[in-house]
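**Q** My questions all concern the structure below.
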Amino acid sequence: MKKKQKDYENKLKNFDPESSMQETENHYSDEKFWGKVMKYGKQAGKTTVYYSLLLFYVAKSPEVPKSSKMIIVGALSYLIFPVDLIPDFIPAVGLVDDASVIAAAVYKVISYIDGDVKNKAKQKLAKFFDVDTDYADIDEKLSN
């Protein structure tokens, strides 16, 4: 077991979110995205799910350039891709690589995340997970 853990730790240290996004772009679909959010959302945590929803809604905006949409599709594809650097079913660390890719993409397209996108993401998150959460701490990270 220690060898597997060591292997995962080494992969995580050398993990490059940008190249992972590019490798998985062909695997995205809205249906797969929602399935992944429903299956692993609580395990991934509110920040990762919120960031994923921000990306989802930014990608739907007609004002966002194709180059930024490609970044988003790559990140969301990695999220739903069945073969991850670290398998999602591994407790505590299984979604770390997914969260890293999502966070990297958010910061690449942050200029397109406006109040409308944030509200849509918050409403969807509340609907899916029946939570009414204060997102001020997460939104503050986006503005820094």
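The values are calculated or read from the model by the stated rules, or taken from the named source; none is laboratory data. Since we're looking at a predicted model, the values are computed, not measured. Here the Cβ is made from the backbone with ideal geometry for all residues, glycine too, and neighbour counts use every protein chain on show. These area figures cover heavy atoms from the full protein model, side chains too; ligands, DNA and RNA do not enter into them. Shrake-Rupley method; radii C 1.70, N 1.55, O 1.52, S 1.80 Å.
**Q** Those residues that are in contact (Cβ under 8 Å) with a residue 60 or more places away in the chain and hydrophobic (A, V, I, L, M, F, W, C), I need them from region 30-47; list them, please. Even if it seems obvious, please write down each step before you answer.
**A** Applying the first criterion (in contact (Cβ under 8 Å) with a residue 60 or more places away in the chain) to region 30-47 yields 37-38, 41-42, 46-47.
Selection gives V37, M38.
**Q** So which residues in region 16-62 are open to solvent by 50 Å² or more (accessible area, probe 1.4 Å), at pLDDT 80 or above, more than 13 Å from the chain's Cα centre (by Cα) and within 17 Å of V106 (Cα to Cα), if there are any at all?
**A** Scanning region 16-62 gives a single hit, K60.
**Q** Which of the residues that make up region 70-113 are modelled with pLDDT of 90 or more and part of a helix (DSSP H, G or I)?
**A** Hits for region 70-113 are I71, I72, I102, A103, A104, A105, V106, Y107, K108, I110, S111, Y112.
**Q** Give me the residue from region 104-114 that is hydrophobic (A, V, I, L, M, F, W, C) and without any contact (Cβ under 8 Å) to a residue 60 or more places away in the chain and, out of that set, most open to solvent (accessible area, probe 1.4 Å).
**A** Top of the filtered list is I110.
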